[in-house]
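For reference, the structure is listed below as structure tokens.
The values are calculated or read from the model by the stated rules, or taken from the named source; none is laboratory data. Keep in mind it's a predicted model, so treat the numbers as computed, not measured. Cβ sites come from the backbone with ideal geometry, for glycine too, and all protein chains shown count toward neighbours. Heavy atoms of the whole protein, side chains included, go into the accessibility calculation; ligands, DNA and RNA do not. Shrake-Rupley method; radii C 1.70, N 1.55, O 1.52, S 1.80 Å.
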Amino acid sequence: MIYIFYFLAAVLIFFSWKSLRGGREYLNFFRRELAREKSSYRPFVSVIAPCRGLDRELEKNLEKLFEQDYPAYEVIFVVDDRRDEAVKVIEKLLDKDDGRARSKLVVAGPARDEGQKVHNLREAEAVWHAAAESEVFVFVDSDARPAREWLGHLVAPLADEQVGCATGYRWFISRRRNFASEMLSVWNASVASALGANTRSNFCWGGSMALRRATFEKMGMRERLKGTVSDDFAVTRAMKENSLAVYFVPQALTASFEDCTPAGLLEFTTRQMKITRVYAPHLWRASFIGSFLFNLVMLWAAAVVFLSPKFGFSFWFAALTVTAVSVFSIGKAHLRLKAVKLVLTAYRTELDRQTLPQLTLWALSPALFFYNSACALFSREILWRGIRYKLESPFRTSKLGPGDC
């Protein structure tokens, strides 16, 4: 039995070392992208922002859309109901808009057989809402807070027609800095660092994403999104099927302010994994197996250290395993946070405060991933923005009705 442990431990050490190398590549990629010359590609852009309910600091998030350092663009806010709490915030911003960006509010109505966000996006993307001169569609989540040059950086890679989609990602920042909120940031950080220089393996994130209008229409994205709950995976699948690159833009990484409870942490992370299992089962399997391997080996190693004869081979091998995996994982977390600080310069103080959580809570993240993956094995129901859905397939979603927010 001990030989099985030796083998699995060696596998985990190897993957932890590869993860550390990935952290170094992630940091180097950020540095290269930040050193790039500013692009002159500046087509007219339609920024589409679906909203539902009051996100934390929603007004501050949406204000940033009017402050972009970009010559010509419009902002289309989309809600499903005129009575939504977000409407008052949106109308306040529309009233004080100084004309730097055209803006409008679209009421999409309730979704029936697809996610409400997807329904809102499909409605806003319709030709009668987007300006005729618009050449690029940009999608942004209402809980994202983009920097002033976010739009220009996100659109720039589309100058290359081989790039089908340019994407950013989110980085969670907590105001209260409680355990659940910091754990959410650490969990999310491991997903964020999966993006990088490899345009074939990157995925699209609907909270900060840009596509050429011509690409969107040529691929029939409006129909591809129909019946889905995840715009991220639907667009990613379309890119891969059409052999188009997905370009990750570090400068399009957005801060997302979120304070959550332990229950909220489990609900959010499990929902992400349920969506992943339906839309990208290979990624769900990898998460399930990888988190199981990590937890099994680390617990086994701890047991060997405490139960085996002291200073025997098994003792030293188990101690080496724990030490090596810890050093590699801490190194990866340090490099990842260092890269993010290069971009989110306005939040340097908040990121400095994340140093200890990022360098320690990685040890608990695999247990959370395993829990999420196991839950996804037994259920396809999710609660999203107060609406309960059942994910029937990647192309069919059933709306079960309102749920507890």
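Couple of notes before you dig in:
- Counting only residues that are under 12 Å from the mean Cα position of the chain (by Cα) and either aromatic (Phe, Trp, Tyr) or at positive phi (or both), the range 179-195 holds 1 of them.
- Within the range 43-66, tally of residues that are out of contact with any Phe, Trp or Tyr (no Cβ under 7 Å at 6 or more places or on another chain), surrounded by 14 or more Cβ atoms within 10 Å (Cβ to Cβ) and farther than 14 Å from Asn120 by Cβ: 11
Conditions tested, residue by residue: (1) part of a loop (DSSP other than H, G, I, E, B); (2) at pLDDT 95 or above; (3) of a type in the set (A, V, I, L, M); (4) crowded, with 20+ Cβ neighbours inside 10 Å.
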position: Ala166; (1), (2), (3), (4): no, yes, yes, yes
position: Trp171; (1), (2), (3), (4): no, yes, no, yes
position: Arg175; (1), (2), (3), (4): yes, no, no, no
position: Ser181; (1), (2), (3), (4): no, yes, no, yes
position: Ser185; (1), (2), (3), (4): no, yes, no, yes
position: Arg200; (1), (2), (3), (4): yes, no, no, no
position: Gly206; (1), (2), (3), (4): yes, no, no, yes
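- Members of the range 196-208 found to be within 18 Å of Thr276 (Cα to Cα) and within 10 Å of the chain's Cα centre (by Cα), listed by number: Phe203, Cys204, Trp205, Gly206, Gly207
- Residue in the range 248-262 that is more than 14 Å from the chain's Cα centre (by Cα), among the hydroxyl-bearing types (Ser, Thr, Tyr) and within 30 Å of Leu54 (Cβ to Cβ) present: yes
- Residue in the range 163-182 that is farther than 30 Å from Ser365 by Cβ and either among the acidic types (Asp, Glu) or in contact (Cβ under 8 Å) with a residue 24 or more places away in the chain (or both) present: yes
- Cβ-Cβ contacts under 6 Å between residues 6 or more apart (or on different chains), taken from a first residue in the range 249-263 that is over 27 Å from Glu149 (Cβ atoms) and among the charged types (D, E, K, R) to a second residue that is open to solvent by 30 Å² or more (accessible area, probe 1.4 Å) and outside any helix (DSSP H, G or I), are listed as Asp259/Arg175; Asp259/Arg176.
- Candidates in the range 338-358 are the residues that are among the aliphatic types (A, V, I, L, M) and either touching a residue at least 40 places away in the same chain (Cβ under 8 Å) or in contact with a strand residue (DSSP E or B) (Cβ under 8 Å, 6 or more places away or on another chain) (or both); of these, the one that is surrounded by the fewest Cβ atoms within 10 Å (Cβ to Cβ) is Ala346.
- Restricting the range 134-148 to residues that are part of a loop (DSSP other than H, G, I, E, B) and of a type outside the set (S, T, N, Q), the residue that is farthest from Ser256 (Cα to Cα): Glu135
- Only one of Asp141, Asp160 that is open to solvent by 10 Å² or more (accessible area, probe 1.4 Å), of a type in the set (Asp, Glu) and in contact with a Pro (Cβ under 8 Å, 6 or more places away or on another chain): Asp141
- Single match in Leu151, Leu211, Leu195 (criterion: crowded, with 22+ Cβ neighbours inside 10 Å, in a helix (DSSP H, G or I) and either touching a residue at least 40 places away in the same chain (Cβ under 8 Å) or charged (D, E, K, R) (or both)): Leu151
- Test: residue in the range 25-41 that is open to solvent by less than 50 Å² (accessible area, probe 1.4 Å) and touching an Asp or Glu at 6+ places or on another chain (Cβ under 7 Å): no
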